[in-house]
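**Student:** Okay, here's the structure, questions in a sec.
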Amino acid sequence: MAVNNLDNLDDLDYPAFTTGQAADLLGVQQAFLRSLDTGNLLRPQRSDGGHRRYSRRQLQLAARIRVLFDDGHSLAATARIIGLEDDLAAAHDQIAELRGQLGNDTNQ
């Protein structure tokens, strides 16, 4: 019986892309992606054979990292910027959730 895994392609976290495919999509060298793994900025999943596999979410992050590198930021600065952006997004989400709760409380 054949297994249908096409639903995984809609999953942003499904590791569908090899290093070569990811590099081609991003317009970077494979060594760039390997350096992000070595620097712990981007941790791709590994296939059973040990090959890196990237998700669409990871490709989006790699593209953002590339922009920061192109702007002249170091690896450490890039990691800090990405971390702060993630923290800010989480804070905005929390604020929106709290505002929603306040709105619901005043309607009761």
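The values are calculated or read from the model by the stated rules, or taken from the named source; none is laboratory data. In this text the structure is predicted, and so the values were computed from the model without any measurement. Don't worry about glycine lacking a Cβ; one is built from the backbone with ideal geometry, like all the others, and counts go over all protein chains shown. These area figures cover heavy atoms from the full protein model, side chains too; ligands, DNA and RNA do not enter into them. Shrake-Rupley method; radii C 1.70, N 1.55, O 1.52, S 1.80 Å.
**Student:** Could you tell me which numbered condition residue 60 fails, if it satisfies all but one of (1) in a helix (DSSP H, G or I); (2) touching a helix residue (DSSP H, G or I) at 6+ places or on another chain (Cβ under 9 Å); (3) open to solvent by 60 Å² or more (accessible area, probe 1.4 Å)?
**Tutor:** (2)
**Student:** Please go through the range 1-45 and give me each residue that is within 24 Å of residue 69 (Cβ to Cβ), open to solvent by 80 Å² or more (accessible area, probe 1.4 Å) and in a loop (DSSP other than H, G, I, E, B), ordered by number.
**Tutor:** 29, 40, 43
**Student:** Let me ask you something else. Open to solvent by 80 Å² or more (accessible area, probe 1.4 Å), assigned to a helix (DSSP H, G or I) and not hydroxyl-bearing (Ser, Thr, Tyr): does that describe residue 48?
**Tutor:** no
**Student:** Here's a follow-up. Restricting to the range 63-83, name every residue that is among the aliphatic types (A, V, I, L, M) and surrounded by fewer than 16 Cβ atoms within 10 Å (Cβ to Cβ).
**Tutor:** Scanning the range 63-83 gives 63, 67, 76, 77, 81.
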